[in-house]
Amino acid sequence: MLKSFHHTHLREAGCDEAGRGCFAGPVFAAAVILPKDFHHPLLNDSKQVSPEVRIELRSYIEAHALEWAVEQVSNEEIDEINILKASFKAMHLALKKLKIQPEFLLIDGHMFYKYKKIPHQCVIRGDGIYASIAAASIMAKTYRDDFMQQLHTEYPQYNWFNNKGYGTAEHRRGIEMHGLCPYHRKSFNIQSAQLEIFDDLR
């Protein structure tokens, strides 16, 4: 059973990101403010529910949350500032987009860059503990998955429709055969035999 709130007397926003460990594409983050009586029996960490349930939960969250927002930081900016800072920036952008100001933030993970003067609590594996963080994980995950499936039509050779940019065997094979594309995170030092061959020919 997920906890509804950390502070019952404060308006809390749960925050989580998706795509931090991917080889390609942006990192997404969501911020969600839930009402006091929010409940869905299937709500959980996005990694613990099926894609079909995630879509059902996203629709329910969009319809019943007091406020929610999803934002992203591109792979180019990830390469410039590093993935940790990019994840925090995506969370900050999502929080900034909220039309209702939260009074307290619940952050999934062990660290966070303070947002304005709003107090926060970092919670390791918080998406399996607090409902608002779980809701944020669902929103960030589903919106990022949709984005990567759209990119798949442009670069089908990496099969992002299925792997969403994560470093699966099929994605690695695609990199070996076709090299890196503009959506890959160059700072992740992804190895591509083909790129090494091209470098030797220059």
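The values are calculated or read from the model by the stated rules, or taken from the named source; none is laboratory data. Remember, predicted model here, so these are calculated numbers, not experimental data. FYI the Cβ positions are ideal-geometry reconstructions off the backbone, even for glycines, and counts take in every protein chain you see. The area values use the complete protein model at the heavy-atom level, side chains included, leaving out ligands, DNA and RNA. Shrake-Rupley method; radii C 1.70, N 1.55, O 1.52, S 1.80 Å.
Structure values in brief
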quantity	calculated
All positions within segment 119-138 that are open to solvent by 20 Å² or more (accessible area, probe 1.4 Å) and of a type outside the set (A, V, I, L, M)	Pro119, His120, Gln121, Cys122, Arg125, Gly128
Segment 152-166, residues that are under 28 Å from Leu43 (Cβ atoms) and either in contact (Cβ under 8 Å) with a residue 40 or more places away in the chain or in a loop (DSSP other than H, G, I, E, B) (or both)	Trp160, Lys164, Gly165, Tyr166
Residue under evaluation Asn44, criteria (1) outside any loop (DSSP other than H, G, I, E, B); (2) open to solvent by 40 Å² or more (accessible area, probe 1.4 Å), criterion not met	(1)
Criterion (over 23 Å from Gly165 (Cα atoms) and touching a Leu at 6+ places or on another chain (Cβ under 8 Å)) met by exactly one of Val123, Val32, Val73	Val123
Residues within segment 8-20 that are at pLDDT 95 or above and part of a loop (DSSP other than H, G, I, E, B), tallied	4
Selection within segment 62-75 - under 12 Å from the mean Cα position of the chain (by Cα) and without any contact (Cβ under 8 Å) to a residue 12 or more places away in the chain	none
Cross-chain or 6+ apart pairs with Cβ under 6 Å, segment 5-30 first and touching a residue at least 60 places away in the same chain (Cβ under 8 Å) and crowded, with 24+ Cβ neighbours inside 10 Å, then of a type in the set (Lys, Arg) and part of a loop (DSSP other than H, G, I, E, B)	Val27/Arg20
Residues of segment 92-110 classified as hydrophobic (A, V, I, L, M, F, W, C) and closer than 17 Å to His6 by Cβ, total	5
Qualifying residue in segment 66-73 (condition: within 18 Å of Gly126 (Cβ to Cβ), at pLDDT 95 or above, assigned to a loop (DSSP other than H, G, I, E, B) and open to solvent by 50 Å² or more (accessible area, probe 1.4 Å))	no
Residue count, segment 176-190 (criterion: open to solvent by less than 30 Å² (accessible area, probe 1.4 Å) and either on the phi > 0 side of the Ramachandran plot or modelled with pLDDT of 95 or more (or both))	4
Among residues of segment 24-41, those that are touching a strand residue (DSSP E or B) at 6+ places or on another chain (Cβ under 6 Å) and not in a strand (DSSP E or B), counted	1
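Listed here are the residues, each with its yes/no results for (1) without any contact (Cβ under 8 Å) to a residue 60 or more places away in the chain; (2) within 19 Å of Tyr183 (Cβ to Cβ); (3) open to solvent by less than 10 Å² (accessible area, probe 1.4 Å); (4) not in a helix (DSSP H, G or I).
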site	(1), (2), (3), (4)
Glu77	yes, yes, no, no
Ala90	no, yes, yes, no
Ile107	no, no, yes, yes
Lys117	yes, no, no, yes
Ala140	no, yes, yes, no
Phe147	no, yes, no, no
